[in-house]
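Heads up: the structure comes next, in structure tokens.
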Amino acid sequence: MNIDIISIFPDYFAPLELSLIGRARALGLLTIDLHDLRTWTHDVHRTVDDTPYGGGPGMVMRPEPWGEALDAVVADGGTTRIVVPTPTGRPFTQAMAHDLAREPHLVFACGRYEGIDQRVLDHAATTAAVSEVSLGDYVLFGGEVAALAIIEAITRLLPGTVGNAASLVEESHAAGLLEGPGYTKPSTWRGLAVPEVLRSGDHGRIARWRRDQALLRTARQRPDLLAALPESALDRHDMACLRGAGFQLSAPDVAE
Ligand code: 6GU
């Protein structure tokens, strides 16, 4: 996969040299090219923003530098997806990370201030797919930190980057549930023991216990995820576990 990042703060992306993303790049699984938006300004002050039409607070990013930047990095032939991190985008999910991980070329357009002149995205959409993506319901200064998070989520899914493919299958959000708690040695620490079942060697009981922990954690922390599961996702044991812990399960709709 090839990634281009356009930003007025390319230094924000230094962490992409580190750890597993750095390793993925060294292995050639991923290229990342950083671009300073100011490269495509032509005035002495290298201005990237201006006051909003219609008035109001804040500044809007000027269309001219963005237009030239995207002309330079978007490939001909419609193979590029432009990702625009913005609090007004669609909420980023693990499913989106999987979709983006299948793209050959991503361009991250990181805006600052009150966003990018809308015509930039409207025009870009005539030559590339454009996805406006939000990290959640809060506001950051700009798209840089969001781009880092999205790139990390995608890189983990590229074949060859996560050592153990099974860890992708079992992890949180893989099956619409959160993963339960994990433990390692020592078996007792500060008077706290690891749950006995995990030391029992009984793989059937361990799998059931882990499933129950995932269900209970999801019910507690993210009832919205539990409610979104298709009815077929929960079996008799699952229902009994949740009911036993006092969670009300909505009765299945009875067909007329
Ligand atoms: Cl993707 N960008 C900005 N600027 N703020 C955000 C965000 C993105 N997601 C949540 N808040």
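The values are calculated or read from the model by the stated rules, or taken from the named source; none is laboratory data. Since we're looking at a predicted model, the values are computed, not measured. Methodologically, a virtual Cβ is constructed for each residue, glycine included, from the backbone with ideal geometry; neighbour enumeration extends over all protein chains shown. Accessible surface is based on the protein model in full, side chains and every heavy atom, while ligands, DNA and RNA are left aside. Shrake-Rupley method; radii C 1.70, N 1.55, O 1.52, S 1.80 Å.
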In segment 135-150, the residues that are open to solvent by less than 20 Å² (accessible area, probe 1.4 Å) and more than 7 Å from the ligand (Cβ to nearest atom): 144, 147, 150
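From the list 190, 205, 199, 210, which one is over 18 Å from residue 93 (Cβ atoms), touching a Gly at 6+ places or on another chain (Cβ under 7 Å) and more than 16 Å from the ligand (Cβ to nearest atom)?
Numbers: 190 fails: touching a Gly at 6+ places or on another chain (Cβ under 7 Å); 205 fails: touching a Gly at 6+ places or on another chain (Cβ under 7 Å); 199 fails: touching a Gly at 6+ places or on another chain (Cβ under 7 Å).
Testing whether each residue is over 18 Å from residue 93 (Cβ atoms), touching a Gly at 6+ places or on another chain (Cβ under 7 Å) and more than 16 Å from the ligand (Cβ to nearest atom) leaves just 210.
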Cross-chain or 6+ apart pairs with Cβ under 7 Å, segment 134-149 first and touching a residue at least 40 places away in the same chain (Cβ under 8 Å), then near the ligand (Cβ under 6 Å from one of its atoms) and part of a loop (DSSP other than H, G, I, E, B): 146/135; 146/140; 149/135
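Scan segment 100-108 and tell me whether some residue there is farther than 27 Å from residue 43 by Cα, among the β-branched types (Val, Ile, Thr) and open to solvent by less than 10 Å² (accessible area, probe 1.4 Å).
Looking through segment 100-108, none of the residues is farther than 27 Å from residue 43 by Cα, among the β-branched types (Val, Ile, Thr) and open to solvent by less than 10 Å² (accessible area, probe 1.4 Å).
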Any hit, segment 154-163, residues being of a type in the set (Gly, Ala, Ser), closer than 30 Å to residue 25 by Cβ and modelled with pLDDT under 95: yes
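Name the residue, out of 114, 132, that is acidic (Asp, Glu) and either more than 24 Å from residue 30 (Cβ to Cβ) or more than 9 Å from the ligand (Cβ to nearest atom) (or both). I'd like the intermediate steps shown before the answer.
Numbers: 132 fails: either more than 24 Å from residue 30 (Cβ to Cβ) or more than 9 Å from the ligand (Cβ to nearest atom) (or both).
Selected residue: 114, the only one of 114, 132 that is acidic (Asp, Glu) and either more than 24 Å from residue 30 (Cβ to Cβ) or more than 9 Å from the ligand (Cβ to nearest atom) (or both).
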Residue list for segment 117-129, filter: within 16 Å of the ligand (Cβ to nearest atom) and either on the phi > 0 side of the Ramachandran plot or open to solvent by less than 30 Å² (accessible area, probe 1.4 Å) (or both): 117, 120, 121
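Kindly establish whether residue 155 is of a type in the set (S, T, N, Q), open to solvent by less than 10 Å² (accessible area, probe 1.4 Å) and more than 14 Å from the ligand (Cβ to nearest atom). Please lay out each step first, then the result.
Numbers: of a type in the set (S, T, N, Q): yes; open to solvent by less than 10 Å² (accessible area, probe 1.4 Å): yes; more than 14 Å from the ligand (Cβ to nearest atom): yes.
Yes.
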First in segment 1-17 and free of Cβ contacts under 8 Å to residues at least 60 places away in the same chain, second anywhere and part of a strand (DSSP E or B), Cβ under 8 Å, 6 or more apart: 10/34; 10/35; 10/36
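Looking only at residues that are closer than 24 Å to residue 233 by Cβ and over 28 Å from the mean Cα position of the chain (by Cα) in segment 175-206, which one is most open to solvent (accessible area, probe 1.4 Å)?
Here is the first cut: in segment 175-206, the ones closer than 24 Å to residue 233 by Cβ are 175-182, 197, 203-206.
With over 28 Å from the mean Cα position of the chain (by Cα) added as a condition, the list becomes 197, 203-206.
Details: 197: 13, 203: 145, 204: 52, 205: 111, 206: 20 Å².
If we take residues in segment 175-206 being closer than 24 Å to residue 233 by Cβ and over 28 Å from the mean Cα position of the chain (by Cα), then 203 is most open to solvent (accessible area, probe 1.4 Å).
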